[in-house]
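Laboratory data are not the source of any read-out in this text; all were calculated from the coordinates shown. Note that the structure is a prediction, hence the values are computed from the model and not measured. Cβ coordinates were reconstructed from backbone atoms using ideal geometry, including for glycine residues, and neighbour counts include every protein chain displayed.
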Amino acid sequence: MTGVQTCALPIYNAGFDPEIKKINERRYIGIEDIFLSRNNYYNGDMIFMQDSAYCWVKNCEFSFSFRSHINCRASYRCEFRDNYIHDVHDLSGSGRGYGILFQYHTTDCLVENNLLRRLVSPIIISIGPCGNVFAYNFVIEGTNGLDPFTPSWNTTASIHGFYNNNNLFE
């Protein structure tokens, strides 16, 4: 890209020499009012969103994922609200048992009013998500990743990796 580029929102950490990269994002795609349950142990995510903008997952129920129920990567202004996310096939942790996972510069998204149950890491952000809001989510029956029948007071949100800045947790 050449010429002067402007941003609608402030640049987080401008001291790190930010770069502009053109992506061909998917826009205005939503998933609503469905139930999904995984019956195999394939090491993957139930919902995978990458390079998305203004997309949403609303009023859905997801059960028994392997890695994560929702994985959102390098996306902008997406919403995840009013979902019931519960149970996983593998409670060992180590990259498994996630509810909602944000990765790779996911920015200005909203995660609100979700019920997360029996997960190792209900909400996890990793490797650069910034400017996101996680508000009014309810986590119950957390597990320690070792024994699914022993309740744990694991954290509701895990901040992992680097450059995870300016995220709001309420």
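Brief remarks follow.
- Per-peptide average of other Cβ atoms within 10 Å, ordering 118-128, 36-46 highest first: 118-128, 36-46
- Rounded to the nearest 0.05, the FRET efficiency derived from the C-beta distance between residue 35 and residue 79 at R0 = 25 Å is 0.85.
- One compactness figure for the range 39-112 is 1.06, namely its Cα radius of gyration divided by 2.2 N^0.38 Å.
- In sequence order, calculated HN-Hα J values of the range 46-62 (Karplus, 6.51, -1.76, 1.60; Hz; x Gly/Pro): 6, 10, 10, 10, 9, 6, 10, 9, 6, 9, 8, 10, 9, 6, 10, 10, 10
- Here the range 21-146 is treated as an ellipsoid with the same Cα gyration tensor; its semi-axes, largest first and in whole Å, are 22, 15, 14.
- The range 20-75, dipole about Cα centre (Lys/Arg Cβ +1, Asp/Glu Cβ -1), debye to the nearest 20: 300
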